[in-house]
Amino acid sequence: MELAPGIHSLSQRKGGRVHAFLLDDGNGLTLIDTLYDTDAHLVLEEIGGMRKTVADLENIILTHGHRSHLGGARALKEQSGATVYTHEWEADIVAGERKAQPVSLVPQRPLRAYFPLQVGLALGLGKHPPCPVDNHVSDGDRIGPLEIFHAPGHSPGHLVFYWSERRALFAGDAIATWPEISAGWPAFNLNPKQHRESLRRMAEFDSEIVAVGHGEPIRAAGARQVRELVDGLGR
């Protein structure tokens, strides 16, 4: 599904209605996250539907090192030779050298994400195929059409991205819209204080589109809805 010129949304039910985003700015393709399946077939089908080939995929940027977003990373890197980017803190998780930091086993909302997602992360289950990371990125870097922002809280090295020409914010798991719009899933936000500060920063962007890691993208009035989430955290 094309959200705006050059912004394609990809999704699957596995991994909690997980989403990835394929961007075409006319200078090669950039992929944000890689969905759950390890063969990357949904990403490859979308690339073909754009009348591109996997060789046109130049950049793979990962918001963070949780299993739902890493499934196709290795397959896509092997087939495309794309450069893989993460925050430094997440890189050894992506490379399979360290497990992601666990969350609590105590059930928290949304309960529809409790099993297998919360349980799996709490127990360190569900390994992804390790993928080497080529470069570390953080605040102020640019990859393809995107400006990169470090937005810790959900995880220490969580990243968000902004495409200013499209007024599109790619919020990763800092915001969720499944099963309802929320400031992420509380059980998975490792540092609530950092998470609130990251959301306040995200509310300053002039976003029309807000693309999230779990659930359908917000396609209109995105900035207003992010501000409402921030206001809700203050109550």
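As for segment 36-56, it holds at least one residue that is crowded, with 16+ Cβ neighbours inside 10 Å, among the aromatic types (Phe, Trp, Tyr) and either farther than 24 Å from Glu165 by Cβ or modelled with pLDDT under 95 (or both).
For (1) among the aliphatic types (A, V, I, L, M); (2) more than 17 Å from the chain's Cα centre (by Cα), each residue gets a yes or a no:
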position	(1), (2)
Leu3	yes, no
Gly6	no, yes
Val18	yes, no
Phe21	no, no
Tyr36	no, no
His41	no, yes
Gly71	no, no
Gln79	no, yes
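Of the residues making up segment 65-87, those that are within 16 Å of His154 (Cβ to Cβ), in a loop (DSSP other than H, G, I, E, B) and touching a Gly at 6+ places or on another chain (Cβ under 8 Å) are Gly65, His87. Across segment 208-233, the qualifying residues are those that are small (Gly, Ala, Ser) and assigned to a helix (DSSP H, G or I), and the one among them that is surrounded by the most Cβ atoms within 10 Å (Cβ to Cβ) is Gly222. Residues of segment 139-180 that are in a strand (DSSP E or B) and either at pLDDT below 95 or of a type in the set (Asp, Glu) (or both): Glu147 alone.
Tell me the residue from Glu45, Glu90 that is free of Cβ contacts under 8 Å to residues at least 12 places away in the same chain, within 22 Å of Gly215 (Cβ to Cβ) and not in a strand (DSSP E or B), please. Step through it out loud before you land on a result.
On the way: Glu90 fails: free of Cβ contacts under 8 Å to residues at least 12 places away in the same chain.
Going through Glu45, Glu90 in turn, the sole match is Glu45.
Restricting segment 110-138 to residues that are modelled with pLDDT under 95 and not in a helix (DSSP H, G or I) leaves a set whose member that is nearest to Trp89 (Cα to Cα) is Ser138. Cβ separations smaller than 8 Å between residues 6+ apart or across chains give the following pairs from segment 1-25 residues that are within 16 Å of Glu165 (Cα to Cα) to residues that are of a type in the set (Asp, Glu) and surrounded by fewer than 17 Cβ atoms within 10 Å (Cβ to Cβ): Gly6/Asp25; His8/Glu2. For segment 59-75, a residue qualifies if it is surrounded by fewer than 24 Cβ atoms within 10 Å (Cβ to Cβ) and in contact with a strand residue (DSSP E or B) (Cβ under 6 Å, 6 or more places away or on another chain), and exactly one does: Asn59.
If I ask for residues that are surrounded by fewer than 17 Cβ atoms within 10 Å (Cβ to Cβ) and either small (Gly, Ala, Ser) or touching a residue at least 12 places away in the same chain (Cβ under 8 Å) (or both), which ones from segment 127-141 would you list? Passing the criteria: Lys127, Pro129, Pro130, Pro132, Asp134, Asn135, His136, Ser138, Gly140. For segment 181-207: of the residues being small (Gly, Ala, Ser) and either touching an Asp or Glu at 6+ places or on another chain (Cβ under 7 Å) or assigned to a loop (DSSP other than H, G, I, E, B) (or both), which is farthest from Leu105 (Cα to Cα)? It comes out as Ser207.
The values are calculated or read from the model by the stated rules, or taken from the named source; none is laboratory data. Computed from a prediction, not measured in an experiment: that's the story for all the values here. With ideal geometry, Cβ positions are generated from the backbone for all residues, glycine too; neighbour counts draw on all protein chains shown.
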